[in-house]
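Peer 1: Here it is, the structure, as structure tokens.
The values are calculated or read from the model by the stated rules, or taken from the named source; none is laboratory data. Everything numeric here is computed off the predicted structure, so don't read it as measured data. Methodologically, a virtual Cβ is constructed for each residue, glycine included, from the backbone with ideal geometry; neighbour enumeration extends over all protein chains shown. Areas reflect the complete protein model, heavy atoms only, side chains present, ligands, DNA and RNA absent. Shrake-Rupley method; radii C 1.70, N 1.55, O 1.52, S 1.80 Å.
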Amino acid sequence: MQVLGIKTDLVRPGDDLVEFLTRAMNRSAQVLQDGDILVISESIVATSEGRVVNLEEIKPGDLARSLASRYEKDPREMELILRESDEIVGGIPGVVLTLNKGFLFPNAGIDSSNAPPGHVVLFPADPKGSATAIRERMGKGKRIGVIIGDSRTHPLRLGCVGVALASSGLEAVEDARGQKDLFGRELKITRKAIADNLVSAAQIVMGEGDEGIPAAIIRDSGVPINEAGGEIPTIPPAECMYIGALGIGPRPYSGGYDRLIECAGQAMARAYAPYSSFRVGAALLTKSGNIYSAGNIENASTGAGICAERAAMAKAIASGEREFEAVAIVGDGCEPVSPCGICRQSLIEFGEDILVIMANCKGDALTASTSDLLPQAFTGRCFK
Ligand code: THU
């Protein structure tokens, strides 16, 4: 197998990537052959598509500001991360782990390396569409594959490996299940990440910095060209050993419980909170389809107060209901209301997978299950 780097100029927003790569290949007399696989770095795809943003033009919202301070990020970059991702899984100082269309990204794939000062490059708009369009135009009748590649680290490992964001013209993952190991045992879960491995091979010559080699041709890899292939298969977070093992944190509310949120908002209006002036409403949806709601009830003797969630639970349980599907909690703060520790403990008593919808009056809303919010909870099982 040969890996041939393609040395190019600096790509600019609006450049036609196919013409740009063809010019670079012509300069070094490189010609695509049948069976070649072209690996292209996502940053030149995104840049040529004009996905470059001047941070000065971004006005961060309240949620972006609060997450930026939690994760020590530029609030404008955090605003872009929120706009670009489906879900924020968590983070550490400086990096937020996000999910987008089933792919995990650091910082929603937003990159300030290889971007002009004060600018960032967003993730390509449609990597799969771009890979296919580039394959069709670059191949000019030849049977080639195209992969748009990026870099990732493996958990607990230092150093990046290649990862395919999109591929066209080849099978991205080869199913090796059913094949036999050296001792004749059937392989049960092995699948080969062919496209990722090809990106790693290409990255040996491509580099990440100012080398000026943002693409490579992989020749004689033995990977068959298959015009129909290309989908990069993903698995749900709960089935992923890394994410599933760690549990995933609150995710953006994606609909389905608007009526419950509305009931929580109405209960908030009836809350009795003269001491904190922070009114909260909670609405519990039972598996039988009923809704029980209440606001927080404060007291001159501060500790005698009760949160909205537990007030709503008292109503539901006193009405004979113990099976809960979801609870919506609404407050009038800058962030969605996150239930207090006592309410988490009270809720988990009635179910480890009750959906908790945390919202504010501005329409920000996050969801999590009771066990996401209270891992390793003390439960009645402890008595058995
Ligand atoms: N509060 C709730 O009702 N639910 C929560 O999840 C958080 C806090 C109330 C308790 C108190 O009356 C007021 O908010 C301020 O702490």
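Peer 1: How long is the gain from Asp34 to Glu352 if the chain were fully straight, where each residue apart is worth 0.36 nm and the alpha carbon distance is subtracted?
Peer 2: Working: separation 318, 0.36 × 318 = 114.48 nm, distance 5.50 nm.
This chain segment gains 109.0 nm when fully extended.
Peer 1: Need the full-extension length gain, Arg270 to Ala304, defined as separation in residues times 0.36 nm minus the C-alpha distance. One decimal, nm. Mind showing how you got there, number by number?
Peer 2: On the way: separation 34, 0.36 × 34 = 12.24 nm, distance 1.82 nm.
Computed gain between Arg270 and Ala304 is 10.4 nm.
Peer 1: Taking all protein chains in place and a 1.4 Å probe, what share, in percent, of the accessible surface of the chain do carbon and sulfur account for?
Peer 2: 54 percent
Peer 1: Before anything else, pin down the relative contact order of the chain: Cα pairs under 8 Å, at least 6 apart, normalised by residue count, whole percent. Don't jump to the answer; show the numbers that get you there.
Peer 2: Details: 813 pairs, mean separation 54.9, N = 384.
Relative contact order here is 14 percent.
Peer 1: Would you kindly find the accessible area of Cys382, with a 1.4 Å probe and non-protein molecules such as ligands, DNA and RNA excluded, rounding to the nearest 10 Å²?
Peer 2: Per-residue accessible area (Cys382): approximately 80 Å².
Peer 1: Cα-Cα over 23 Å: which of Lys101/Lys128; Lys7/Lys140; Lys128/Lys180? Present the calculation step by step, with values, prior to reporting the outcome.
Peer 2: Details: Lys101/Lys128 12 Å; Lys7/Lys140 21 Å; Lys128/Lys180 33 Å.
Lys128/Lys180, as the Cα separations exceed 23 Å there.
Peer 1: Would you list which lysines come within 21 Å of Lys59, measuring only between C-alpha atoms, while excluding same-chain residues fewer than 8 positions from it?
Peer 2: The qualifying lysines are Lys73, Lys362.
Peer 1: Would you please classify the overall shape of the stretch 251-378 from the alpha carbon gyration tensor, given that a ≥ b ≥ c denote the square roots of the eigenvalues, rounded means a/c under 1.5, and beyond that prolate means a/b larger than b/c while oblate covers the rest?
Peer 2: Values: a/c = 1.34, a/b = 1.16, b/c = 1.15.
Rounded, since a/c falls under 1.5.
Peer 1: What is the Cα convex hull volume of the stretch 52-121 when expressed per residue in Å³?
Peer 2: Details: hull volume 5.6 nm³, N = 70.
Per-residue hull volume (Cα only) is 80 Å³.
Peer 1: Any idea how far the Cα center of the stretch 292-359 sits from the one of the stretch 8-42, in Å?
Peer 2: 58 Å
Peer 1: What dipole magnitude, in Debye to the nearest 20, does the stretch 52-121 give about its Cα centre under +1 on Lys/Arg Cβ and -1 on Asp/Glu Cβ? If you can, show how the numbers build up before the last one.
Peer 2: Working: 7 positive and 11 negative charges, 20 e Å.
I would put it at about 100 debye.
Peer 1: With a Förster radius of 35 Å, plug the Cβ-Cβ distance of Ser112 and Glu325 into 1/(1 + (r/R0)^6) and report the FRET value to the nearest 0.05.
Peer 2: Details: r = 43 Å, r/R0 = 1.21.
After rounding, the FRET efficiency stands at 0.25.
Peer 1: Moving on. Relative to the longest principal Cα axis of the chain, at what angle does helix 62-71 sit, 0 to 90 degrees, rounded to 10?
Peer 2: Here the helix axis deviates by roughly 70 degrees.
Peer 1: With the crude spin-label approximation of a point 7 Å out along Cα→Cβ, what separation in nm comes out for Asn197 versus Leu158?
Peer 2: Result: 2.7 nm between the two label points.
Peer 1: Where q = 0.08, 0.12, 0.13 Å⁻¹, what log10 of I(q)/I(0) comes from the Debye formula for the chain, counting one point per Cα?
Peer 2: The Cα Debye sum returns log10 ratios of -0.56, -0.97, -1.05.
Peer 1: What aspartates and glutamates does Lys287 reach when the alpha-carbon gap must be under 15 Å and sequence neighbours fewer than 8 apart in one chain are set aside?
Peer 2: Glu321, Glu323, Glu325, Glu352, Asp353
Peer 1: Within the stretch 294-384, report the chymotrypsin sites (Phe, Trp or Tyr not before Pro) that DSSP leaves as loop and that have at most 14 other Cβ atoms within 10 Å. Please list the in-between numbers first.
Peer 2: Values: sites: Phe324, Phe350, Phe378, Phe383; in loops: Phe350, Phe378.
Sparse-neighbourhood loop chymotrypsin sites (Phe, Trp or Tyr not before Pro): Phe378.
Peer 1: Among 271-277, 119-125, 168-174, what's the highest-first ranking by average C-beta atoms within 10 angstrom per residue? Don't skip to the answer; put the middle values down first.
Peer 2: Working: 271-277: 13.7, 119-125: 20.3, 168-174: 22.1.
Descending mean neighbour count gives 168-174, 119-125, 271-277.
Peer 1: Now for a separate question. So how much slack lies between Arg70 and Ala176, counting 0.36 nm per residue of separation and subtracting their Cα-Cα distance, in nm?
Peer 2: On the way: separation 106, 0.36 × 106 = 38.16 nm, distance 4.27 nm.
Result: 33.9 nm gained on full extension.
Peer 1: Trypsin sites (Lys or Arg not before Pro), restricted to the stretch 172-252: which are DSSP loop and have at most 11 other Cβ atoms within 10 Å? Show your work: numbers first, answer last.
Peer 2: Values: sites: Arg177, Lys180, Arg185, Lys188, Arg191, Lys192, Arg219; in loops: Arg177, Arg185, Lys188.
In loop regions of the stretch 172-252 (DSSP not H, G, I, E or B), the sparsely surrounded trypsin sites (Lys or Arg not before Pro) are Arg177, Arg185, Lys188.
Peer 1: May I ask you to give the solvent-accessible area per residue for the stretch 52-121, in square angstrom, as obtained with a 1.4 angstrom probe?
Peer 2: Numbers: 3430 Å² over 70 residues.
Normalised by residue count, the accessible surface of the stretch 52-121 is 49 Å².
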